[in-house]
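The values are calculated or read from the model by the stated rules, or taken from the named source; none is laboratory data. No experiment lies behind these values; they were computed from the predicted model shown. As a convention, Cβ positions derive from the backbone with ideal geometry for all residues, glycine included, and neighbour counts pool all protein chains shown. Just so you know, the surface numbers come from the protein's heavy atoms only, side chains and all, with ligands and any DNA or RNA stripped out. Shrake-Rupley method; radii C 1.70, N 1.55, O 1.52, S 1.80 Å.
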Amino acid sequence: MFLEKNRDRIEKDFEDFSRELPGKAEEIKKRMEALSPDIVIGMKYLYSNMPYSDVGNYTFDTYLDYVQQGIYLWENSPYVKNYPELYFLNYVLFHRTNDEEIKPCRTYFWKKIKDKVQGKAMVEAALEINHWCAGEVMYQGTDMRTGSALEIYRSGVGRCGEEAVFVVNVMRSAGIPARPVYVPRWSHCDDNHAWVELWCDGKWYFTGACEPEPILNKGWFTNASSRAMMVHSRWFDKIVPENEDVNGIEGNAMVLNQLRRYADVKEISIRVKKPDGTPAAGTRLSLEVFNYSQFLPIAHMVTDEKGEIHVTTGKGSLHITVMQDGLWAEGAIDTRKEDTLELTL
């Protein structure tokens, strides 16, 4: 049965969605009346987990493209049915990869690349897709608004984050689980970078987006990422994924820390106290690195009931700022030498 392990959960989540947005839910339910049960459950999953801005900004037919291609892959791909359902839902079926514009593209991209990957093993198919993507889109700096995968393909240019959005959508159109990952800020030079991770035969690999290396786990950024203090990806499902470091919430997306795949890591603890010495629970912290001549955030986290956070990071310098109820604290930690920091508001 399609999505047997998650079907009941999806139905319950859609009931919650319907209570929160009853008018929109009725409109969606009317459109779903003529659809097959599998497409309906796929549409319910998307609507239950997407940001509310996606509910309002894009049409039902936009999402129908993603679900129809996902179900086609479920029924016809030689490897999709072997995936964990959560990987299929989040890294193949789901429409959003980061903060890009959304336009129907999955069936379109599949028609473009299906003959190139026919009969290939997953790693071979992934390399072939990235090689094709490199021939279609080249790097060019753009403004901060991330275009849709279809717009990037049609323009033929994009910055690294847009190239990653493009490659991830093409990978997903072929049934290869993929996600964009990014260094929020480099810790040894200015700026940042984004690339792509893909899941093949039970293992995560990485590749530069639209960078046609002949093998996976290689890119110009490999040495640079070994000096990063954080490497992030986003997870839009409500279930906390297993075996992942969660670095907090941005909007309705969990921020996952993928740094272990790229660098030597250090587990650190930061403790925050109120002026009277009691734990400052529920306090928001910013972890920052020096970039473009200022301290810029690479993660935002909230202290637990003990006033603490525990985080995986690289070996280098972090600047910490804390604010709560008009009170302030800041400090620095060199994780090569220390693993704890205590701050008092």
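So which residues in the stretch 182-223 are within 21 Å of GLU85 (Cα to Cα) and either open to solvent by less than 10 Å² (accessible area, probe 1.4 Å) or in a loop (DSSP other than H, G, I, E, B) (or both), if there are any at all?
VAL196, GLU197, LEU198, CYS200, ASP201, GLY202
Criterion first (modelled with pLDDT of 95 or more and within 24 Å of SER226 (Cα to Cα)) does GLU308 satisfy it?
no
Across the stretch 231-266, which residue is modelled with the lowest pLDDT among those that are acidic (Asp, Glu) and open to solvent by 10 Å² or more (accessible area, probe 1.4 Å)?
GLU250
Kindly indicate which of ASP304, ASP325 is farther than 23 Å from HIS188 by Cβ and free of Cβ contacts under 8 Å to residues at least 12 places away in the same chain.
Criteria check complete, one pass: ASP325.
Do you know which of the residues in the stretch 313-326 that are surrounded by fewer than 17 Cβ atoms within 10 Å (Cβ to Cβ) and in contact with a Lys or Arg (Cβ under 8 Å, 6 or more places away or on another chain) is farthest from LEU256 (Cα to Cα)?
MET323
Quickly run through the stretch 140-156 and pick out the residues that are out of contact with any Asp or Glu (no Cβ under 7 Å at 6 or more places or on another chain), without any contact (Cβ under 8 Å) to a residue 40 or more places away in the chain and either open to solvent by less than 10 Å² (accessible area, probe 1.4 Å) or farther than 30 Å from GLU288 by Cβ (or both).
Matches in the stretch 140-156: ARG154, SER155.
If SER269 meets every condition in (1) within 23 Å of the chain's Cα centre (by Cα); (2) surrounded by fewer than 16 Cβ atoms within 10 Å (Cβ to Cβ); (3) among the small types (Gly, Ala, Ser) apart from one, which number is that one?
Result: SER269 fails condition (1) only.
Taking the conditions exactly as written (at pLDDT 95 or above and either open to solvent by less than 50 Å² (accessible area, probe 1.4 Å) or under 24 Å from ILE239 (Cα atoms) (or both)), does ASN82 satisfy them or not?
The answer is no for ASN82.
Going through the stretch 150-165 one residue at a time, which ones are within 15 Å of the chain's Cα centre (by Cα), of a type in the set (A, V, I, L, M, F, W, C) and under 14 Å from ILE102 (Cβ atoms)?
Across the stretch 150-165, the qualifying residue is only VAL165.
When the stretch 157-178 is examined, which residues are found to be surrounded by fewer than 24 Cβ atoms within 10 Å (Cβ to Cβ) and among the basic types (Lys, Arg)?
Of everything in the stretch 157-178, just one residue is surrounded by fewer than 24 Cβ atoms within 10 Å (Cβ to Cβ) and among the basic types (Lys, Arg), namely ARG159.
For the stretch 233-345, which fully contained strands (runs of 3 or more DSSP E) count at least 3 residues that are closer than 28 Å to ALA194 by Cβ?
245-250, 253-257, 266-273, 284-291, 294-302, 308-313, 317-324, 327-334
If I filter the stretch 98-113 for residues that are assigned to a helix (DSSP H, G or I), open to solvent by 10 Å² or more (accessible area, probe 1.4 Å), in contact with a Lys or Arg (Cβ under 8 Å, 6 or more places away or on another chain) and modelled with pLDDT under 95, do I get at least one hit?
No, the conditions are met nowhere in the stretch 98-113.
Looking at the stretch 65-76 only, could you name the residues that are surrounded by 16 or more Cβ atoms within 10 Å (Cβ to Cβ) and farther than 12 Å from ILE102 by Cα?
Selection gives VAL67, GLN68, GLN69, GLY70, ILE71, TYR72, LEU73, TRP74.
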